[in-house]
Amino acid sequence: MARPRALCGHLYAHDLEIGLFLKDIWYFGAPGETLAPGAMIHKVLLGEPILIGRDEAGEPFALRDICPHRGVPLSAGKLYDAKSSGCGHTAVECPYHGWKFGTDGHCAEIPSLVPGQDIEVSRIRVRHYPVREVQGNIWIYIADDKRADLAPAGEPPLMPGFDADQRPNIREKMTFSCHIDHAVIGLMDPAHGPFVHRSWYWRTQKSIHEKAKAFAPAELGFAMVEHAPSSNSFAYKILGGAPRTEISFRLPGIRIERITAGRHRVTGLTCVTPVDEKTTEITQSFYWTMPLLTMLKPVLRPFMRAFLDQDRAMVDLQQEGLRFDPRLMLINDSDVQAKWYHRLKTEWQEAGEQGRPFENPVKPTTLRWRS
Ligand code: FES
Ligand SMILES: [Fe+2]
């Protein structure tokens with residue numbers, strides 16, 4: 001990741017040298033509801049093929065989706081429960097030669113072996129990833145060290161004010177044709193709202209006005225500290241009461257927006273997950289305590305999609321320019337959050353390389369912009 005190069009006090013040219021995916025951190029892997037007990041799905045995360053499965057007891061697990069024998073995706077095979085696997089525990093059977101692997105990645109059986117062919121089967125392993133399922137989200141820890149089953153540093157984020165078994169009330173997923181950095185910067189960018197999301201129900205261009213928001217460092221990132229949201233957004237108005245909102249961002253690409261209005265809470269979780277260098281998944285989930293919103297779900301869903309679609313269309317358009325590898329700019333103050341994102345990534349990377357604790361580079365600041 002290249003450092004921003006100062007041109008003058010307010011303008012930075014920024015070599016967005018993209019390609020770096022952070023390791024040793026939790027990534028959003030899959031919505032829990034997409035995985036029934038006994039099911040497996042294939043995903044690519046950070047350019048790595050990953051099998052995400054759920055055993056008969058409901059526990060999720062993740063393995064590298066490549067059989068160490070001859071490379072066939074294990075997710076194309078069969079998942080046996082402990083009773084029927086023949087090896088005493090849940091096992092994935094490769095469709096090619098039937099090697100079986102436990103959910104911890106250890107090989108449990110090679111059917112072609114005859115007595116006397118004493119290969120130490122359990123020493124054959126497929127990479128295993130630590131997994132957590134909380135609040136309906138399956139998180140996968142991608143360690144830098146492929147060999148070791150290291151204990152994860154830290155835990156995935158929790159939506160404050162909701163129980164661990166609370167599931168999102170609504171969820172939408174979209175795929176953007178860009179690198180994670182462009183997706184993250186695009187979603188945290190405060191200046192694009194009145195242009196990209198211009199519509200009668202959200203913003204009009206006339207509604208642009210000056211804003212000043214206080215920011216502070218937060219876990220693995222920063223937060224726009226709690227405040228009364230802008231009066232120009234209709235969506236906040238339907239919540240009733242005097243709404244307060246807090247928006248936080250944390251590495252690798254997690255945005256949590258908490259809105260409280262009277263005794264009710266609405267929390268939005270946006271997870272930005274890199275599939276590969278040019279593909280990024282955006283999963284937007286909402287948790288709420290308002291029965292009214294649950295009733296409105298059929299109406300809300302198309303709005304949610306339309307909103308994300310506006311961002312996706314802009315990112316697609318941006319790709320047309322990025323093909324020519326232009327230099328890009330990050331200006332004060334509207335792009336300061338993007339600058340922080342780069343600093344946070346660099347710090348995460350350097351702290352990891354130097355084996356020292358992560359030091360949050362963000363300082364409490366008030367940012368001003370018109371939007
Ligand atoms: S390729 Fe998987 S068992 Fe041979
Ligand atoms: Fe947007």
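The values are calculated or read from the model by the stated rules, or taken from the named source; none is laboratory data. Please read all numbers here as calculations on a predicted model, not as lab measurements. Using ideal geometry, Cβ is built from the backbone for each residue, glycine included, and neighbour counts are taken over all protein chains shown. Remember, those area values only see protein heavy atoms, side chains included, never the ligands or the DNA or RNA. Shrake-Rupley method; radii C 1.70, N 1.55, O 1.52, S 1.80 Å.
Quick notes on this one:
- Scan of the range 290-324 for residues that are among the β-branched types (Val, Ile, Thr) and either buried (at least 17 other Cβ atoms within 10 Å of the Cβ) or outside the structural domain of Thr175 (by TED's automatic domain parsing) (or both), ordered by number: Val315
- Flag for Gly88 being more than 16 Å from ligand 2 (Cβ to nearest atom), more than 30 Å from His342 (Cβ to Cβ) and in a loop (DSSP other than H, G, I, E, B): yes
- First in the range 60-75 and within 11 Å of Glu48 (Cβ to Cβ) and in a loop (DSSP other than H, G, I, E, B), second anywhere and within 8 Å of ligand 1 (Cβ to nearest atom) and open to solvent by less than 40 Å² (accessible area, probe 1.4 Å), Cβ under 9 Å, 6 or more apart: Asp65/Leu74; Ile66/Val72; Ile66/Leu74
- If you go through the range 40-90 and keep only what is under 26 Å from the mean Cα position of the chain (by Cα), within 14 Å of ligand 1 (Cβ to nearest atom) and of a type in the set (A, V, I, L, M, F, W, C), you end up with Leu51, Leu63, Ile66, Leu74, Ala76.
- If you go through the range 145-165 and keep only what is buried (at least 17 other Cβ atoms within 10 Å of the Cβ) and either within 16 Å of ligand 1 (Cβ to nearest atom) or modelled with pLDDT of 90 or more (or both), you end up with Pro156, Pro157, Met159, Phe162.
- Scanning the range 59-80 for residues that are charged (D, E, K, R) and crowded, with 16+ Cβ neighbours inside 10 Å yields Arg64, Asp65, Lys78.
- Listed by first and then second residue, the pairs with beta-carbon distance under 9 Å, at least 6 apart or on different chains, first residue in the range 104-117 and without any contact (Cβ under 8 Å) to a residue 40 or more places away in the chain, second small (Gly, Ala, Ser) and outside any loop (DSSP other than H, G, I, E, B), are His106/Ser122; Cys107/Ser122; Ala108/Ala91; Ala108/Gly102; Ala108/Ser122; Glu109/Ala91.
- Considering the range 235-342, the qualifying strands (runs of 3 or more DSSP E), each wholly inside and each with 2 or more residues that are away from ligand 2 (no atom under 16 Å from the Cβ) and farther than 18 Å from Phe28 by Cβ, run over 244-250, 254-261, 264-276, 328-331.
- Considering the range 175-225, and only residues there that are assigned to a strand (DSSP E or B), more than 20 Å from the chain's Cα centre (by Cα) and closer than 23 Å to Leu308 by Cα, the residue that is modelled with the highest pLDDT turns out to be Arg198.
- Hits in the range 350-366 - residues which are part of a helix (DSSP H, G or I) and open to solvent by less than 60 Å² (accessible area, probe 1.4 Å): Glu350, Ala351, Gly352
- Residue match in the range 245-262 (condition: more than 22 Å from Pro168 (Cβ to Cβ), at pLDDT below 95 and open to solvent by 60 Å² or more (accessible area, probe 1.4 Å)): no
- Subset tally (residues that are small (Gly, Ala, Ser) and open to solvent by 60 Å² or more (accessible area, probe 1.4 Å)) for the range 89-118: 2
- For the range 334-365, the set of residues classified as small (Gly, Ala, Ser) and within 17 Å of Glu219 (Cα to Cα) consists of Ala338, Ala351, Gly352, listed by residue number.
- Meets criteria (in contact (Cβ under 8 Å) with a residue 40 or more places away in the chain, within 16 Å of ligand 2 (Cβ to nearest atom) and surrounded by 14 or more Cβ atoms within 10 Å (Cβ to Cβ)) for His192: yes
- The listed residue being among the aromatic types (Phe, Trp, Tyr) and at pLDDT below 95, out of Phe286, Phe307: Phe307
- Pair list, Cβ < 7 Å and 6+ apart or interchain, from the range 315-332 residues that are under 24 Å from Arg343 (Cα atoms) to residues that are open to solvent by 70 Å² or more (accessible area, probe 1.4 Å) and not charged (D, E, K, R): Ile331/His10; Asn332/His10
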